[in-house]
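A.B. asks: Before we start, here is the structure in question, set down as C-alpha cells.
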Amino acid sequence: MSSPQPLLGSGVSGTELKTCCAATYEQDWVAALLGDSYHPGGAALTRDLANALQLSPGMKVLDIASGTGTSALEMAARYGVHVIGIDRSPTLVAKARRRASEADLSGRVRFVVGDGEMLPLAGESVEAIVCECALCTFPDKPAGITEMARVLCPEGRVGISDVAVDRESLDQDLQTLEQWVACLGGACSITGYAQLLNNSGLHVQRTEDRREALLDLVERVEPRLKALAALGLPGLPEIDSAEVDRWMTVARDAISSGAAGYCLLVAGKPGSH
Ligand SMILES: C[S@@+](CC[C@H](N)C(=O)[O-])C[C@H]1O[C@@H](n2cnc3c(N)ncnc32)[C@H](O)[C@@H]1O
C-alpha cells in the first residue's frame, strides 16, 4: 500500500498537521484562490459522487471535512437529502452555517465542529458519506476510514474524491509540510485508498482516475495565485511570480507523468445478517 507518512516521525505530530491544515483552509486567500469548492472538479464532481451514491430525498448524508459547506448545500438543494457536515475548523463551520441560513437550508443541513478521525456521531447513524479532498490530509487514515465504517448504516455507501499519488515518482519538493496541507504530501495511491477501505470492511465498488480535474485546477489557480502573490495578502506565504511558475511546472509534470492525480472511489457497507 502506498501510504507513507514522511512528516510523521520527523517531529511534526498528527495533531499539529491537522491544526495546521484546518488553519490554512480558514485563510481568506484560500477562498480567493479556490472559490467556494475546495476540491478539484468542483460542484460537477460532487454531483458525480452524489449520483454514484444514489442519493435520494430524505436520506441522511454525512459530509466529512465539509469546509465552507458548498457540497453539503449542493446535495441538500439538488437531491433533497439531510446533511451533517463535519469539519475541524470552527471558522469554516461558522461560515458554512451562515451560508446554510442564507440559502434557507438550515432545516436540512447542519454543520458541526469535529475530527474525521473521531466522528461525534452514533454508530450506524448515516446512510451515505462523502469525503472530498480531505482524507489525503488525515495523519491517521485507517482511523478516519474505520470511523466512516462505524457510523454508516448497513448497505450504506461511502464516496471519496481525493488526491492520489505514486509516492516513489513524486518530486521531493511535493512531500513537504506545505504540500501535506496542499494535499499532495499525505495522499495515497488509488489502490492504497481502496485497500484502506477494504481493510475496514467496506467493499470498493468503483474507482475512477480523475486526474484531468487536478490539471484544470492547476490551470485555474495559476493566474489567481500570481495576482494574490502580487497583492501580498496576510497569511499568504511570500512567493513571487517566478516561483509560482516553477511550482506550476512541477505540478503539471507530476500530473502528466502520473505521479500525482485525482480519483473517485465508491465503497459499500455490507448489509446486516
Ligand atoms: C481541501 S479542503 C476540502 C473542503 C471540502 N470538502 C470541499 O471539497 O470544499 C480540506 C478540509 O478538510 C478539513 N479537515 C482537515 N483535517 C480534518 C479532520 N481531521 N477532520 C475534519 N476536517 C478536517 C479542513 O478544515 C478543510 O476544510
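A.B. asks: Between Lys60 and Arg98, what is the label-to-label distance in nm when each label sits 7 Å out along the Cα-to-Cβ direction?
C.D. replies: Each label point lies 7 Å from its Cα, and together they span 3.0 nm.
A.B. asks: Additional query: Considering only DSSP beta bridges whose two residues both sit in segment 14-268, what percent are antiparallel, to the nearest 5?
C.D. replies: 45
A.B. asks: OK, next. Using a Gaussian network model of the chain whose springs link C-alpha atoms within less than 10 Å, name the residue from Gly42, Gly69, Gly107 with the highest mean-square fluctuation.
C.D. replies: The residue that fluctuates most here is Gly107.
A.B. asks: Now a separate question. Just the ratio, please: alpha-carbon radius of gyration of segment 121-273 over 2.2 N^0.38 Å, N its number of residues.
C.D. replies: 1.18
A.B. asks: Report Trp247's accessible area, 1.4 Å probe, all protein chains in place, as a number in Å² to the nearest 10.
C.D. replies: 60
A.B. asks: Mind checking the full-extension length gain between Asp173 and Glu124? Use 0.36 nm per residue of separation minus the Cα-Cα distance, one decimal, nm.
C.D. replies: 13.5 nm
A.B. asks: While we're here: Among all the aspartates and glutamates, which ones have a C-alpha under 12 Å from Lys226's C-alpha, if same-chain residues fewer than 8 places away are not counted?
C.D. replies: Filter leaves Glu238, Asp240, Glu243, Asp245.
A.B. asks: To check my understanding: the extent here is largest minus smallest coordinate of the Cα atoms along each principal axis. What are those three numbers for segment 14-268, in Å, largest first?
C.D. replies: Principal-axis extents of the Cα atoms in segment 14-268, largest first: 51, 40, 32 Å.
A.B. asks: Let me ask something else about it. If the chain between Glu208 and Ala242 were fully stretched, how many nm would it gain, using 0.36 nm times the residue separation less the Cα-Cα distance?
C.D. replies: 8.8 nm
A.B. asks: Counting only C-alpha contacts under 8 Å and six or more residues apart, can you give the relative contact order of the chain as a whole percent?
C.D. replies: Relative CO of the chain lands at 22 percent.
A.B. asks: Once you have the Cα-Cα distance between Leu231 and Thr191, take 0.36 nm times their residue separation minus that, and quote the gain in nm to one decimal.
C.D. replies: Between Leu231 and Thr191, full extension yields 10.3 nm more.
A.B. asks: Excluding ligands and nucleic acids, what accessible area in Å² is computed for Lys95 using a 1.4 Å probe, to the nearest 10?
C.D. replies: The accessible area of Lys95 comes to roughly 70 Å².
A.B. asks: Distance from the Cα centre of segment 88-167 to that of segment 30-53, in angstrom?
C.D. replies: Between the Cα centres of segment 88-167 and segment 30-53 lies a distance of 14 Å.
A.B. asks: Over the chain, with every protein chain in place, what whole percent of the accessible area is carbon and sulfur at 1.4 Å, could you tell me?
C.D. replies: 52
The values are calculated or read from the model by the stated rules, or taken from the named source; none is laboratory data. This one's a predicted model, so the numbers in the text were calculated from it and none came from an experiment. With ideal geometry, Cβ positions are generated from the backbone for all residues, glycine too; neighbour counts draw on all protein chains shown. Side chains included, ligands, DNA and RNA excluded: accessible areas come from the protein's heavy atoms. Shrake-Rupley method; radii C 1.70, N 1.55, O 1.52, S 1.80 Å.
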